[in-house]
Each structure stands twice: as structure tokens, then as C-alpha cells.
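The values are calculated or read from the model by the stated rules, or taken from the named source; none is laboratory data. Source: prediction; values computed, not measured. Cβ: placed from backbone, ideal geometry, glycine included. Neighbour counts: every protein chain shown. Each accessible area value is taken on the protein alone, full model and side chains, heavy atoms only, with ligands, DNA and RNA left out. Shrake-Rupley method; radii C 1.70, N 1.55, O 1.52, S 1.80 Å.
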Amino acid sequence: MMMKWKGWALATGVLAISALAQAAPPSAAMLSNACAGCHGTNGGSAGPTMPSLASQSKEAIEVAMKKFKSGERASTVMGRLAKGYSDGEIKAIAEFFSKQKLHVTAQAVDAGKVKKGASLQESNCGRCHIEDGKEGKDDTPVMASQWLPYMQMQMADYLSGKRKMPEKMKEKVDPMSKEDLEALLHFYASVK
Amino acid sequence: MTLDRRSFLKLVGAGAGAAGLPMIGRAAELMPKGAKRVVVVGGGYGGTIAAKYIRMMDKSIEVVMIERNDHFISCPFSNLYIGGILKDLSPLTIKYDKLAANHGIKVVQAEVTAIDPAAKVVTTSKGTVSYDRLVLSPGIDFRLEDMKGYDAAAMEIMPHAWKAGPQTVLLRKQLEAMKDGGTVVLSVPLSPFRCPPGPYERTSMIAHYLKAHKPKSKIVVLDANPAIASKGPLFTKGWKDNYAGIIDYRPAKKVTEVDAGKMTVLIEGLEDVKGDVVNVIPPQRAGQIAVAAGLVGDDKNWCPVNPNTFESTKQAGIHVIGDASNAGAMPKSGYSANSEAKICATNIVALMNGKELTDMSGINTCYSYITDKEAVSVAAVYAAKDGKIVAVPNSGGVSPADFSAAKMEAIFAESWLKNILTEMST
């Protein structure tokens, strides 16, 4: 009976003003849609320096948000925003974006660099950046179709030490030239 | 709000044609309503997103978006055009064709002239449209009664440029035509108004233009507020570091009257300030259509709403989002309107399906340029608490005071614009 009455009241708008107390906690979509102003609808970014979140690994988003929140990962606005969410809410946001379809980014890539990057990916990075970067082991981020300018900014942060490289990544990145790294990023940007 | 001749003829035509009789009282119904319909009034930062997200969440709801123009020009970033950094307004302009096609939104280009909350009918310049729920995202209008002498003619001489479009172009042309050594006067109304940091970004951008092209000139800022209303320490430092001797900022100077003939503004009947270019940002309230529909609160200016549904507390079935609403701690910004639209859409879909409501969760992120290469930001997360929208404690805030992130933020701001306008137009 209770449910029936409530359903009727909601449908007719009787409760519209007083229903506040009955509202459910913010859903994953409610939390995540607010991010889309900067990261694009369902996490498909149209801005070259803002990463797409659609189809990103949920572990990667969760770890990134928690590091933004603690300040371990440097940021401009993300630290201030991440502090506004509980760990449970972060998990819900991460799950929401991980379930979205991969956003294929329309961007120009250099064919020669893509070719070179493909072979470097296979011999160096493929164990963690699985399936040409379409998947990630544990909290390794998905790289496929990510914005090149965003990845270049992140790589610059890794190389300067502003962002801490995972040990396994450091072992692979240290011997590579700047040209190698640039080729790798072009490769990831090209994956659809 | 006036009908132009063409719209008027269409209105008469529709009225006579549909009924086969001379037009009486009300115009003809433009499009018969099916089972469930939401009408959205306004195709800006709020309206486009409300229309899109309702359709994304429930294809069984018909969505009609009514907007007077066939395009929208963003206020965010329009200060960069005024400052000579953007060469035209095309990067700030969106059309509705892709949005309409991608989501099956019916876009009607018409002027809304009246709302009947009891009958649930909107009257437009092209006919009437019935609704089950109405979303109003009308933006702001000016409280001209609080700015004596500032009529339509005066606006063509002393532009406000607070609605992006011809006014924005006019202000830039005036700056370009001004002699070197001239004075620009900018008046800022008491808070709250559309875009709290906007007047100070505009000051920065005008100063940027003057520094580059008219270095003997200056800008006098007459602010009705006791201090800079948003990002104060950041603007103060940005101005000191970049525009010393160009910006003359005067707090607690409330402009109450203008004389377009003499190019002067009057501060509370006491003090005249003359400019070669005068940019008057008038006091504001919710868009006229919201006022006419009886949606403004005790303050007579803004529309009180339920924080989870954005349904008006004055009229059931009408939701108000964006600058026109009183959204508690959420500022009157483009990003807030985007976020509010999604909150409103989520709970409208719940209401129309007899489902439980969801507590709101919102974000505001907004950038202000200080120079062509440096920007500062404010960002915050919002939640519902005790029936009010509040900023989540211990979160949010502004850019570092030392400008260490300012160059990076200017780059991120460009992606902010691309993403938010893409959300609105696709």
C-alpha cells in the first residue's frame, strides 16, 4: 500500500515539494553526469586536453580520483573536485564511465609514428596496456583513442617527476627516447 | 518580447487557418500533444542539456525545445572576443540541428509570450504548445527600473554586452574606435548577477586590449559591491602584475543612473563619472517570462526551486534552471546551468514514471582569463542538505594564489569550452 500511494503521489506531483526526505542517494548517473560538462557526454571528450573517460578502466578512474583527492597526483581543478566525493561515490562514478562505449576520438595522427609505436607497444607495454591499450591490467589506464595532447601532457608530467611513474612503467620508459615515447602515444591515439 | 512583423503574420495565419474562423483570443495549437511531453523554453546552457538528457533517459517522453533564435552564442569566452583575443564569435556559436536529430528533440524557433500554469499551455509567436511538465531556462533580464536612463536606445550607446551577440560586437567596436588616452567605464551591479567573476574577467580582457593597442588609456571599474565578488585575491594579483596604471578599481560605487547623451554614469545621485566607452552591466533578475508566470520569490528577482527537481515552489509542473533559478550555493554560471539541467532531467523522468526521486549532485567549474595566456578557476561540488543546495564541505576552491597553474588552466579552459558546447549541440 505504501509503495502504491507513493507512486501515485509522485506521478501526480503531489509530493514534488515535500518528497525531499524520500529521495534516494545520488545514483551513479546523477554523480557522473555532472562530470560531463568537462569530460563530454558519457565521458566522450571533445576537448583535446581533457581525457575521455568512456570505457576507461574502473580501477584506473578510482585510483586516479583517490590520488587527486589526497593530493598525491598533482592537478588543477581535479583535486578540488575529488574532495567533494566519498570513496563509495568515487567507485560509482568509476563504474559508470567504465561501462560506456569507447569514444573514438577524431584526431590527426602520424602514420609513421603509429607504425613505430605499434611495435614498441608490443615489445614494451603490452603486458599491462593489454589489447593495444584497449584494456588495462589492474589499475593500468585504457589508452585506446585517448586524446594525444592529453597523453603528451601526462607524459611530460611523468618525465619531469610531477606525476609519479609506476615502477614497471619506469623500467620500460627510462631507456626509450623522446621520439619512441611520442610514437607510442600516436599509436594509442590511433587505436579504435 | 515584441513580435516582429513576420512572426505576427504567421501567428495570424496559423490562427485563422487552423480554425477556419477569424482569430479569437488564443492562437492555434502548434503541435498536438501525445502521451507524455516536456516543453523546454530556452536553448542555452541549461535548456539544451535538459532537453537532451530527458531524451537520453526516456525516449517515451516527447521533448519540445522552444528558442527565439536559430543559434546560441556563449557568454563564457565572449570576454576574450571583447579583449581582441578571439577574432570572431564563431567558436562560441552553436546551432541546434545535430542536437535535434541525434536525440529526436523537436526544436521550435519562436518567442514564448505567455505561460498558463493551470492549463499547462505555453503561448508562442507561432501558436500554443501544451505540456505535462515545463522547463524554463530563460536566463536573465535587466532591472531597468534600478538603472535610470538605461533604455533600449541607451544600450546602443552604452552596451551591456551581458547577453552575447550584437551587444558583444558593439562593445568591441567601440573599444577599437576609441582614441588612445581614452577612458573606459565599467559598472558592476550588486550580487547576485549572471556570472559572478564575469565583470572582473571583462575588466582584465579590456585592460589586455588597452595595454596592447591603446597604452595611454585606462579602465575605471565602478563596483556596487564592497569588494570583488568572486576570485578576489586572484584578480587583485592578476591586475597588479599585468595592468598596473591601467585598471582603476573602485569598490562600493553603485551606479544608479546613466546619461547616454553626456556619456556619464551617476553614482547614487552624488558623483558623475564620464567615459569614452561606457559598459553598463545592469542589475538583473530572472528572464521576463519567469517573472510573468509568477515564479519569482519574495526577492522579486529569482525563482525559488526544489533542490532535487528544480520544480518551482510557486507553480507545480514548472521547473526553473540556470541563472533564473535560486539554486542555493550554486552560482549563476554556464556550468551550473549544465549541471542543474541534468539534475532536473533525471528527476523529471522519475516524476513522469512514478519513480522515486534521486538526491541532487552538482558541479560548477569556471575559468576566468586574466591575460591571453593565463586563467584562474573556481570549482566546487554541490549536494542537497536539509532541503537546500550546499557546497560539499572541505572540497572545491580557487586556483593557487601564486598563479603557478595559470598557464595550464588557460589551456584547460579551451577544452572546457569545446566540451560544454559540444554537449549542448550534439
Open item on the list: How long are the semi-axes of the equivalent ellipsoid of region B:63-170, defined as square roots of 5 times the Cα gyration tensor eigenvalues? Whole Å, largest first.
Closed with: 29, 21, 10
Open item on the list: I want to check the label-to-label distance for residue A:168 and residue A:24. Put each point 7 Å from Cα in the C-beta direction and report it in nm to one decimal.
Closed with: 3.7 nm
Open item on the list: Please compute the contact order of chain B in relative form: average sequence separation of alpha-carbon pairs under 8 Å and at least six residues apart, divided by the residue count, as a percent.
Closed with: 17 percent
Open item on the list: Give me the summed buried accessible area for the A-B pair, 1.4 Å probe, to the nearest 100 Å².
Closed with: 3800 Å²
- [ ] Could you work out how far helix A:178-190 tilts from the main Cα principal axis of chain A, as a 0 to 90 degree angle to the nearest 10?
- [x] 40 degrees
Open item on the list: To make sure I understand the rule: partners must be aspartates and glutamates, Cα under 20 Å from the Cα of residue B:95, and not fewer than 8 residues away in the same chain. Which ones qualify?
Closed with: B:67, B:70, B:111, B:414, B:423
Task: Mean Cα-pair separation over length for region B:144-282, i.e. relative contact order, pairs under 8 Å, 6 or more apart, % - done: 35 percent
Open item on the list: Can you report the principal axis dimensions of region B:144-282 using only the alpha carbons, biggest first, rounded to whole angstrom?
Closed with: 38, 32, 30
TODO: Please turn the phi angles of region B:271-281 into ³J(HN,Hα) values with the Karplus equation 6.51 cos²θ - 1.76 cosθ + 1.60 (θ = phi - 60°), one per residue in order, whole Hz, x for glycine and proline.
DONE: 9, 8, 10, 9, x, 7, 10, 10, 10, 9, 9
Open item on the list: From the helices alone, meaning DSSP H stretches of at least four residues, give me the mean residue ellipticity at 222 nm for chain A, per-run term -39500 (n - 2.57), in deg cm²/dmol to the nearest 500.
Closed with: -14500 deg cm²/dmol
Task: Accessible area in the full protein assembly, largest first, 1.4 Å probe, for B:134, B:89 - done: B:89, B:134
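Tally the DSSP beta bridges in chain B and give the antiparallel ones as a percent, rounded to 5.
Approximately 55 percent, going by the DSSP bridge assignments.
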Task: Dimensions (Å) - chain B, Cα atoms, principal axes, largest first - done: 66, 52, 39
Open item on the list: Could you tell me how many cubic angstrom of Cα convex hull volume region B:333-426 has per residue?
Closed with: 106 Å³
TODO: Compute from the Cα atoms of region A:25-98 the Rg and the Dmax, the latter being the longest Cα-Cα distance, and quote both in angstrom.
DONE: 11.2, 33
Open item on the list: Show log10 I(q)/I(0) for region A:42-192 at q = 0.12, 0.19, 0.21 Å⁻¹, two decimals, from a solvent-free Debye sum over equal Cα scatterers.
Closed with: -0.48, -1.26, -1.53
Open item on the list: Quick one: 3J(HN,Hα) in Hz for region B:83-93, Karplus 6.51/-1.76/1.60 with θ = phi - 60°, rounded, Gly and Pro as x.
Closed with: x, x, 7, 8, 7, 8, 8, 4, x, 9, 10
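Against the empirical 2.2 N^0.38 Å scaling, what ratio does the C-alpha Rg of region A:111-190 come to?
0.98
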Open item on the list: For Cα pairs less than 8 Å apart in space and 6+ apart in sequence, what is the mean separation divided by the residue count of chain A, i.e. the relative contact order in percent?
Closed with: 23 percent
TODO: Quick one: which residues, 5+ away or cross-chain, put their amide H under 5 Å from the amide H of residue B:185? H built at 1.01 Å from N.
DONE: B:220, B:276, B:277, B:278, B:279
Open item on the list: Can you list residues from other chains, or at least 5 along the same chain, whose modelled amide H is less than 5 Å from the amide H of residue B:148?
Closed with: B:257, B:258
Task: Estimated vicinal HN-Hα couplings, Hz - region B:207-222 in sequence order (Karplus 6.51, -1.76, 1.60; Gly, Pro = x) - done: 4, 4, 5, 4, 4, 7, 10, 9, x, 8, 8, 9, 10, 9, 9, 9
TODO: Enumerate the lysines that residue B:173 could reach by cross-link, defined here as Cα to Cα under 20 Å, with residues fewer than 8 away along the same chain left out.
DONE: B:87, B:163, B:211, B:214, B:216, B:218, B:262, B:274
Open item on the list: On a 26 Å Cα-Cα criterion, which of the cross-link pairs A:101/B:385; A:58/A:116; B:148/B:253; B:300/B:418 come out too long?
Closed with: A:101/B:385; A:58/A:116; B:300/B:418
Task: Value at 222 nm in deg cm²/dmol, rounded to 500, when DSSP H runs of n ≥ 4 in chain B each add -39,500 (n - 2.57) - done: -9000 deg cm²/dmol
- [ ] Would you mind computing the Rg to Rh ratio of the protein assembly as shown from its alpha-carbon coordinates, Kirkwood style for Rh?
- [x] 0.99
Task: Radius 14 Å from Cβ of residue B:117, net charge of other residues (Lys, Arg +1; Asp, Glu -1) - done: 0
Open item on the list: Rounded, prolate or oblate, given the Cα gyration tensor of region B:261-323, with a/c below 1.5 counting as rounded?
Closed with: prolate
